[in-house]
1. 7 Å from Cα along Cα→Cβ at both Ala79 and Trp23: what's the point-to-point distance in nm?
2. Using alpha-carbon pairs under 8 Å, 6+ residues apart, how would you state the relative contact order of the stretch 2-159 in percent?
3. Given the options Thr101, Thr43, Thr54, which has the most mean-square fluctuation in a GNM of the chain, springs set between C-alpha atoms less than 10 angstrom apart?
4. Give me the Å³ per residue figure for the convex hull around the C-alpha atoms of the stretch 2-159.
5. Please check: in the Gaussian network model of the chain (C-alpha springs, under 10 Å), which one of Pro59, Pro90, Pro26 has the largest mean-square fluctuation.
6. For an R0 of 25 angstrom, estimate the FRET efficiency from the Cβ-Cβ distance between Val160 and Thr41 and round to the nearest 0.05.
7. Residue by residue through the stretch 93-106, which ³J(HN,Hα) values in whole Hz follow from phi under the Karplus form 6.51 cos²θ - 1.76 cosθ + 1.60 (θ = phi - 60°), with glycine and proline marked x?
8. Which residue fluctuates the most in the chain, going by a Gaussian network model with Cα springs under 10 Å, if the choices are Ala42, Ala16, Ala149?
Amino acid sequence: MLQHVCDWLTEQSISAFVANTFWVIPMVQAVHILSLAVVFTATTIINLNLAGITHSAVPRGELILRLAPWVWRALGVMAVTGVLLILGEPARSLLNPVFQTKMALLVAIMLLTIGLHIAVARDAERFSATSCGFGVRALALLSLSLWFAIAVAGRWIAYVEHA
């Protein structure tokens, strides 16, 4: 079934444009990676702060609410550029087990991030306390690990042949 989706996507004119225009893939990859840098930087600042590893003059809840728009906007850019990259070579991405793993990790981190942002929006003062507690610290470290794994998987896609 996934092979049929790849074949259909390959037949689309936008797929041919992305694949055959020499500057599109490098440009889109550059924007995708720069967006990842924004997401990774903002989430690292948030998660290190939540884990109690770093501290800020800005209350933790406020820090999270300030950085959240950067995360979501950059993720939006990454979604658009990611779709363009898939359109350029559908089978290379969609049939690749590393790409599939990356997408599963991305779903997990998105759910975790949405949950965190909802919790902070409801009670920013609780998150601004000196210590957020073991559970929040553990989730912050899990979040960092997931973002790192997503970045590694994204890079690894190029080196794994799909079946």
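1. 2.8
2. Values: 148 pairs, mean separation 55.1, N = 158.
Relative contact order of the stretch 2-159: 35 percent.
3. In this elastic network of the chain, the residue with the biggest mean-square fluctuation among Thr101, Thr43, Thr54 is Thr54.
4. Values: hull volume 17.8 nm³, N = 158.
Once divided by residue count, the hull of the stretch 2-159 is 112 Å³.
5. Looking only at Pro59, Pro90, Pro26, the biggest GNM fluctuation is shown by Pro26.
6. Details: r = 27 Å, r/R0 = 1.08.
Efficiency computed from Cβ-Cβ geometry: 0.40.
7. Here the 3J(HN,Hα) series is 8, 5, 8, 7, x, 6, 4, 4, 5, 4, 5, 5, 5, 5 Hz.
8. Ala16
We did not get these values from a lab; they are worked out from the coordinates using the rules stated. As the structure is a computational prediction, the values presented were derived from the model and not from experiment. When we count neighbours, we look across all protein chains shown, and the Cβ atoms used for this are built from the backbone with ideal geometry, even at glycine.
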